[in-house]
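Note sheet for the following structure.
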Amino acid sequence: MLIPTSFPTSNGPAESKPLISEEGWVVQHLFFNIDHGYWAALLPEERQERRENFTRTIEAIRKHPGTQLLAFAMVSPKTELGFMLLTPDLHDSQRFEKQISLSLGPDALTPAYSYLSMTEWTEYSQSEDEFKTQIEKAENLAPGTEAFDKRVAEWKTHMTKYFNDRLYPNMPDWQVFCFYPMSKRRNVGANWYANDFAKRRELMGGHAKTGRKYAGKVRQLISGSTGLDSHEWGVTLFAHDMVQIKNIVYEMRFDEVTTQYGEFGDFYIGIQTPTNELLQRVMLA
């Protein structure tokens, strides 16, 4: 029996109101392996019914307000099928994950790896007061002048967009996908959190400078997972060419913030694929 694409809502108190955070969206990275022997043993009409249910499930989730669901044919036998789910409500995130897991029936997909995080704003961003001091000194603009106020207004517009892109991103359709978790070290003599804010900000500024060299080549989303999963951040990268993923990760490893403090989990590489091609790519069509 197939799992329906929507579940009834409980009348109990735990489901009485949405679980929407005051800032940011819930992010789940979901990776599955496929029981190909089980799939091959199904009757042709059973396989077709399950493929149709899979497509309905994906389409229904994507139509839900504020929700994005990206699908990937994964590269290498480490895992076969991948998803990236972003949605505002924790209830919806939990429900959609279960629907995806069961979309091909109760025995076809086996979880291989998952990661839970949230979109977040970086604490190392420049403040308005800092920007005003910068243009007063570097551009010789006097506070209260028309030119000064114009530059501040431009900065506010830029920062509003940056803020929204970090917290409420519109994920790209670029084909090459990479995900990995990371943390900052707490070793004796190399404890990230023992540094003062100014030092941490300086190091992160150098890291960001390296990242900006890949504008137009790599799109990234850094989501926070402190208290939510095994590492402190989840890093999602998109590119048109896999070599750009390789290059940016390699180059960033020479930044001091990484050489001294970076800890990485496993890397997962996939190809973002339209729903009508996805099952064919993973040999289920």
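When the GluC sites (Glu not before Pro) in segment 32-125 are filtered for DSSP coil states and for at most 11 other beta-carbon atoms within 10 Å of their beta-carbon, the remaining sites are 123.
If you line up the long axis of helix 44-63 against the longest principal axis of the chain, both from Cα atoms, how many degrees apart are they, to the nearest 10? The angle comes out near 30 degrees. Straight Cα distances below 17 angstrom link residue 199 to the lysines 184, 209, with same-chain residues fewer than 8 positions distant left out. Relative contact order of the chain: 24 percent, from C-alpha pairs under 8 Å at least 6 residues apart in sequence. Contact order for segment 20-119, expressed relative to its length and based on alpha carbon pairs under 8 Å spaced 6+ residues apart, stands at 51 percent. From the square roots a ≥ b ≥ c of the eigenvalues of the alpha-carbon gyration tensor of segment 123-164, which class results: rounded (a/c under 1.5), prolate (a/b over b/c), or oblate? Oblate is the answer for segment 123-164, as a/c is 1.5 or above yet b/c matches or exceeds a/b. For segment 123-139, putting each phi into the Karplus relation 6.51 cos²θ - 1.76 cosθ + 1.60 with θ = phi - 60° gives couplings of 6, 8, 5, 5, 8, 5, 4, 5, 5, 4, 4, 4, 6, 5, 8, 6, 10 Hz, in residue order, rounded to whole numbers and with x for Gly and Pro.
Modelled spin-label separation between residue 256 and residue 56, with each label point placed 7 Å from Cα along the Cα-to-Cβ direction: 5.9 nm.
The packing ranking, built from the mean of other Cβ atoms within 10 Å per residue, places the peptides 167-175, 29-37 in the order 29-37, 167-175, highest first. When shorter helices are ignored and each DSSP H run of at least 4 residues is given -39500 (n - 2.57), the per-residue value for the chain at 222 nm works out to -12000 deg cm²/dmol.
Each peptide in 177-188, 243-254 receives the mean, over its residues, of other Cβ atoms within 10 Å, and ordering these scores from highest gives 177-188, 243-254.
Every read-out reported here was derived from the displayed coordinates using simple, explicitly stated rules and does not represent laboratory data. Just so we're clear, the structure is a prediction, and the values are computed from it rather than from any experiment. Because the Cβ atoms are built from the backbone with ideal geometry, glycine has one as well, and the counts that use them run over all protein chains shown.
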